[in-house]
Number of protein chains: 4
Amino acid sequence: MNHLPKLKIAVVGAGRIGKIHAETIARRVPQAELAGVADVVEAAARETAVQYDVPYTTDYHEFLHDSHIDAIAICSATHTHTQIIQEAAAAGKHIFCEKPIDHDLKKIDAALTAVAQANIKFQVGFNRRFDANFRKVRQMITEGKIGQPHILRITSRDPAPPPIAYIKVSGGIFLDMTIHDFDMARYLIGSEVEELFVAAGVMVDPAIGKAGDLDTAVITLKFTNGVIGTIDNSRQAVYGYDQRVEVFGEKGMVAVGNNTPDTHIYANADGIHSAKPLYFFLERYMDSYIAEMQAFVEAVVTDKEPPVGGQDGRIPVVMGLAARKSWEENRPVRLSEISPT
Amino acid sequence: MNHLPKLKIAVVGAGRIGKIHAETIARRVPQAELAGVADVVEAAARETAVQYDVPYTTDYHEFLHDSHIDAIAICSATHTHTQIIQEAAAAGKHIFCEKPIDHDLKKIDAALTAVAQANIKFQVGFNRRFDANFRKVRQMITEGKIGQPHILRITSRDPAPPPIAYIKVSGGIFLDMTIHDFDMARYLIGSEVEELFVAAGVMVDPAIGKAGDLDTAVITLKFTNGVIGTIDNSRQAVYGYDQRVEVFGEKGMVAVGNNTPDTHIYANADGIHSAKPLYFFLERYMDSYIAEMQAFVEAVVTDKEPPVGGQDGRIPVVMGLAARKSWEENRPVRLSEISPT
Amino acid sequence: MNHLPKLKIAVVGAGRIGKIHAETIARRVPQAELAGVADVVEAAARETAVQYDVPYTTDYHEFLHDSHIDAIAICSATHTHTQIIQEAAAAGKHIFCEKPIDHDLKKIDAALTAVAQANIKFQVGFNRRFDANFRKVRQMITEGKIGQPHILRITSRDPAPPPIAYIKVSGGIFLDMTIHDFDMARYLIGSEVEELFVAAGVMVDPAIGKAGDLDTAVITLKFTNGVIGTIDNSRQAVYGYDQRVEVFGEKGMVAVGNNTPDTHIYANADGIHSAKPLYFFLERYMDSYIAEMQAFVEAVVTDKEPPVGGQDGRIPVVMGLAARKSWEENRPVRLSEISPT
Amino acid sequence: MNHLPKLKIAVVGAGRIGKIHAETIARRVPQAELAGVADVVEAAARETAVQYDVPYTTDYHEFLHDSHIDAIAICSATHTHTQIIQEAAAAGKHIFCEKPIDHDLKKIDAALTAVAQANIKFQVGFNRRFDANFRKVRQMITEGKIGQPHILRITSRDPAPPPIAYIKVSGGIFLDMTIHDFDMARYLIGSEVEELFVAAGVMVDPAIGKAGDLDTAVITLKFTNGVIGTIDNSRQAVYGYDQRVEVFGEKGMVAVGNNTPDTHIYANADGIHSAKPLYFFLERYMDSYIAEMQAFVEAVVTDKEPPVGGQDGRIPVVMGLAARKSWEENRPVRLSEISPT
């Protein structure tokens, strides 16, 4: 039996992802304890807090001043992240922060500086790294099963586009959606991208274009170790959330397909039929949310480096900004061209 | 938010399956609350109880006398089931009972009589009915997707045989292992088996034969609605737990395959490779344990008939006895030939 | 380059299967030459003969008297097989004979005696042994990949039943359809069946029952080496010709699925869809017809034993008769109970 | 029965692909007749000719002067194609020409002009269009099954690189290997590419780089109808010939995978294993060679436009030249930048 004290974590932001982390911390990570829920909307904070019988507040600063709280999970709106990070770091709280840290590199750098100056752990919420499929791909690469990787392919398509109102504050497809794939590319290959090229368009909904964004994109990545990667994104795959990866190398290839709600095969006079992929990220990645929180808690408790650190949060933002530039200028863009402005 | 009082359930028997139900009740069924753990071995009861901060005892009668406890989950040794059922029924506790109820029809009938005379809910732990794959098959059949079923095929193979000591008290392969498949057959087809024929042998380990049991079997089932079924069992599939079902009918066929830990495909100079099935029932059926307990709790709370009742617990035992008789006499045996002795 | 003289083969019977062998001999087996076509219906003989610019006749005896002809391929109605075999053997012609040799064991034995007394090669047309899928299964077994086999499963379902007129002269499902599966069972396991048990019914079409036949059957096989097998047959799988095999053993399992016209996967809002199996035996087994004829020609040319001999033709007929008896008497029947009458 | 006179076709060039077309014409296309074989190496011409009992020559002009010959199939070295085309066109012979027509656009244009001035049929040997998998994809797109296409993905990887000597005269990876994929992209999407971008490298064998070529490439295609495509090529996939396509659109996605020699699945203690793809183009595309020749013959006999015409032969060469330019200049290149020099 484990008699170590549990890590007390307060959740800041009780929206969709905040609720997931609250449940995970309260029920699924044995070493963690939910210490409270904050949200600027009192009803939201209360609803989640009551469920687990923990305190709630509309002012997260209360948690920062509470010496019984060890860590906070930042799940609030993206533009609030860096301020909370700086305050929490100053208060000596360990930080789990949802992706993206911010859309602005200057703000990110200020936050990461604050983290570096505090004696705390900091982890960014790139949950897909903790998914069983992608872990297996990474594991097989590090075990040398495919030898030196040559080509990476990531397919990442949402089942349906978000509301236009969301699109407008999302930072654009590259910072909102592709950012997960940028992280995945770095994670799987274990090398940095030095240049990328984007071909993209508005094919799903003209309203997305009117909002200044794109809905379909193919991004070519050139890694420093020579690997060439492609990411293809669409805001709308009518058959559901399409999350596949393939890495091809000198000694073989490893690929992962979608997860489905069941394994049924139905054969009738029209053909052979099977289940669509799990609908969207809540269904598809629930286990990875648990695993990433377990990893965060373990890193804090054992005083190890969290598996997804500050640079892991910053670099995909650089890639997103480079992608937008590549599309605007129709040319390959080097990541070194992107700097805080 | 749900403000209904939670159903307080005590677990009797803190072995492997008891621990699963304790965790499920404590953490995964929002409407339930773990009320205590009993085991004749004090250390076993204590270990599980401490984990969830609940009382424990070596004498389950304490729970039967405790008016705050609504229900018990019987997870103790099979031969103790019917007595506990009778006592719990007399005490007015709702009962969830692990399979099989007993190996002896007379004892089963006495227990079911006690249940019938009490105003309680009674559910038997045939968890596989709550598995997403098999639910899908049943759903497609009831929706008429395959029309009238003609042929049923169940493949059910364990990854490794249990210890010989367990074999000796297991009731034999038909009451220990095939019993799940007998239940599955009835569940999927929605009709009763009237006759069965067994071909079987000792192929995996001669020690199993010396212990008076079989390790490999093929059972042919004839249903009252005309469907013909086969079950094939082995105590040892070296590639892992093999749990497949296929139902063929006038308008089509539906089949479910195994679940795997991930969806990876690995291609190298030797061939194309993918993951083995999830290892055994704990890995494979964890979600079904949660779903069956949710169903039990819901049946009690909403005063509905539990989905797996007393006859659902009794009939597979009859089938197991008929199977053994068929093997011994090398002839088809009708279920009507089997009666309490 | 191969300058050996080609084996001259005349085809007797220009129906569906006769045309296939004519094409195969004329075009696809380099070592063979089509020497003529006989059919009691002159138009049928002519149509095929003209296509390859070879002689035709309504009286196959002409071919038996023609010293330039080396072999005959018997593709006529089943009841004519044994007489032609005896005459051809007497004439010293090598014989390829379609399955079944006959429905009557006495007639089969007379024919096989004639073959044994002549210095000729004799091969029976169990073409499925030459299919790439089933060859692979057999190869893996003989290589020891699954160790000692324990369980065999054969699924063999036609896309649609034949006309009732055909049913009436077919010899019944066991001699017409299952006979291929009986051969497959023997081929794959490399051991003889000593006892079988049948569960069967009329589920597809009552007219088949009125004609005295069955349309759905599950046959359990017990082999002398301990393997237990099941065959499941249906006269109508609405999704097409379903031809699968699985062999499970101590070290693993090997299975083969259906062949499809293409490998497409189509994903839309309704699900994931793929191609049905190839429609029926002409589409599915065309390559095996070529391979079996190549094997026959090679056996003759190199003076080796053909891979499917007289006993391979006889035993499945015994199994078919035993299967019918098992169904009629609802009991396991030993093959030793069946003898020429 | 078909009593139309057969189309008499002479094969020019008796190398690997010439032998395939000779066999196809002689044996597999009922409406065609092999009229002769030419090769500058007499032994090569003779070997193939003897096999089918037809005349041979070292000077193909003999066939051009032979009024009994209707058509020629040009299978000689690439640099000889355009001269033979011009001569054959002048002689009024229908022409089937292997890909690529030439590496030089001026020579191609001269040849296509000659073809245009003659009253003949001209077809280029992009055989993959006649493959069942790719035909199915095209068919589903034209039937509207995926609505407007958005993203195209082609994976095309050889099992092993050709000899360095071949690499040196091949025209480079884009004109030798990718050219098939360029054709496939145009065929599947039914629209022209207007711009492309290449990321590529030497990853398989440094000797390929020393020979001035690349062995690994990812090409992004922008079509005039908005579709974005990617092709990924490697000269060496250790698991065999990898030939896959996926088209994603507004209403769904269709993809085709590899063909395998059999459908076996082997499960053992190490995992689940299946067959590698068919080894290389001879195994993989044999049926497509037959189908393309049938299409050519049918086009001539019925006086229709062949399905793969002169522009279909020219444009992929333009794309190959644009690809090389894109790689050299590391920028997107428009096809309109490429003109005869």
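For first residues located in the range D:15-37 and not assigned by TED's automatic domain parsing to the domain that holds D:T78, partners that are among the hydroxyl-bearing types (S, T, Y) and lie 6+ apart or on another chain with Cβ distances below 6 Å do not occur. Evaluated against (1) surrounded by fewer than 18 Cβ atoms within 10 Å (Cβ to Cβ); (2) at pLDDT 95 or above; (3) among the hydrophobic types (A, V, I, L, M, F, W, C), C:M319 falls short on exactly one condition, (1).
Go through C:R314, C:R324 for me and flag whichever is of a type in the set (K, R) and open to solvent by less than 50 Å² (accessible area, probe 1.4 Å). Answer to the check: C:R314. Here B:D53 meets each of (1) within 14 Å of another protein chain (Cβ to nearest Cβ); (2) under 30 Å from B:D183 (Cα atoms); (3) open to solvent by 50 Å² or more (accessible area, probe 1.4 Å) with one exception, condition (2).
Can you list the strands (runs of 3 or more DSSP E) lying wholly within the range D:142-223 that have 2 or more residues being open to solvent by less than 10 Å² (accessible area, probe 1.4 Å), under 25 Å from A:P149 (Cβ atoms) and of a type in the set (S, T, Y)? First the steps, then the outcome.
Details: elements: D:149-157, D:193-201, D:216-223.
Fully inside the range D:142-223 and qualifying: D:149-157, D:216-223.
Which of the residues that make up the range C:221-236 are away from chain A (no Cβ under 14 Å) and either closer than 30 Å to B:K251 by Cα or touching a helix residue (DSSP H, G or I) at 6+ places or on another chain (Cβ under 6 Å) (or both)? Of everything in the range C:221-236, those that are away from chain A (no Cβ under 14 Å) and either closer than 30 Å to B:K251 by Cα or touching a helix residue (DSSP H, G or I) at 6+ places or on another chain (Cβ under 6 Å) (or both) turn out to be C:L221, C:F223, C:V227, C:I228, C:G229, C:T230, C:I231, C:D232, C:N233, C:R235.
For the criterion of being open to solvent by less than 30 Å² (accessible area, probe 1.4 Å), in contact (Cβ under 8 Å) with a residue 12 or more places away in the chain and either more than 24 Å from the chain's Cα centre (by Cα) or not assigned by TED's automatic domain parsing to the domain that holds A:G18 (or both), A:I69 passes. The number of residues in the range C:155-180 being within 14 Å of chain B (Cβ to nearest Cβ) and out of contact with any helix residue (DSSP H, G or I) (no Cβ under 7 Å at 6 or more places or on another chain) comes to 6.
If the condition is being open to solvent by 30 Å² or more (accessible area, probe 1.4 Å) and of a type in the set (G, A, S), then the range D:12-49 contributes D:G15, D:A26, D:A43. The set of residues from the range B:107-141 being open to solvent by less than 50 Å² (accessible area, probe 1.4 Å) and in a loop (DSSP other than H, G, I, E, B) comprises B:A118, B:I120, B:K121, B:G125, B:F126, B:D131.
Residues of the range D:240-253 that are surrounded by fewer than 24 Cβ atoms within 10 Å (Cβ to Cβ) and either of a type in the set (S, T, Y) or under 22 Å from the mean Cα position of the chain (by Cα) (or both): D:Y241, D:D242, D:R244, D:E246. Residue count for the range A:260-317 under the criterion of being in contact with a Leu (Cβ under 9 Å, 6 or more places away or on another chain) and among the polar types (S, T, N, Q): the result is 2.
Any residue at all in the range B:129-143 that is within 17 Å of the chain's Cα centre (by Cα), within 14 Å of chain A (Cβ to nearest Cβ) and among the acidic types (D, E)? The answer is yes; a qualifying residue exists.
I'd like the full set of residues that are of a type outside the set (A, V, I, L, M) and either in a helix (DSSP H, G or I) or at pLDDT below 95 (or both), limited to the range B:56-93.
Residues satisfying the conditions are B:H61, B:E62, B:F63, B:H65, B:T78, B:H79, B:T80, B:H81, B:T82, B:Q83, B:Q86, B:E87.
Filtering the range A:237-288 to residues that are facing chain B (nearest Cβ under 10 Å), closer than 29 Å to A:I141 by Cα and of a type in the set (F, W, Y) leaves only A:F248.
How many residues does the range B:208-218 contain that are closer than 15 Å to B:F197 by Cβ and facing chain C (nearest Cβ under 9 Å)?
Going residue by residue through the range B:208-218, those that are closer than 15 Å to B:F197 by Cβ are B:214, B:217-218.
Then keep just the ones that are facing chain C (nearest Cβ under 9 Å); that gives B:217-218.
Summing the residues that are closer than 15 Å to B:F197 by Cβ and facing chain C (nearest Cβ under 9 Å) in the range B:208-218 gives 2.
Only residues that are free of Cβ contacts under 8 Å to residues at least 24 places away in the same chain and open to solvent by 70 Å² or more (accessible area, probe 1.4 Å) were counted in the range A:327-341, giving 3.
With the condition kept exactly as written, say whether any residue in the range D:260-282 is touching a residue at least 60 places away in the same chain (Cβ under 8 Å), farther than 30 Å from C:F248 by Cα and either touching an Asp or Glu at 6+ places or on another chain (Cβ under 6 Å) or open to solvent by 10 Å² or more (accessible area, probe 1.4 Å) (or both). Yes, the range D:260-282 has at least one match.
Can you find a residue in the range B:152-167 that is in contact (Cβ under 8 Å) with a residue 60 or more places away in the chain and either of a type in the set (K, R) or over 16 Å from B:N233 (Cβ atoms) (or both)? Yes; the residues of the range B:152-167 include at least one that is in contact (Cβ under 8 Å) with a residue 60 or more places away in the chain and either of a type in the set (K, R) or over 16 Å from B:N233 (Cβ atoms) (or both).
Within the range C:89-136, the set of residues being without any contact (Cβ under 8 Å) to a residue 40 or more places away in the chain and within 23 Å of C:N259 (Cα to Cα) comprises C:R135 only.
The values are calculated or read from the model by the stated rules, or taken from the named source; none is laboratory data. Keep in mind the model is a prediction, meaning the values are calculated, not measured. Counting neighbours? That spans all protein chains shown, and the Cβs are built from the backbone with ideal geometry, glycine included. Protein only, heavy atoms only, side chains kept; ligands, DNA and RNA dropped before computing areas. Shrake-Rupley method; radii C 1.70, N 1.55, O 1.52, S 1.80 Å.
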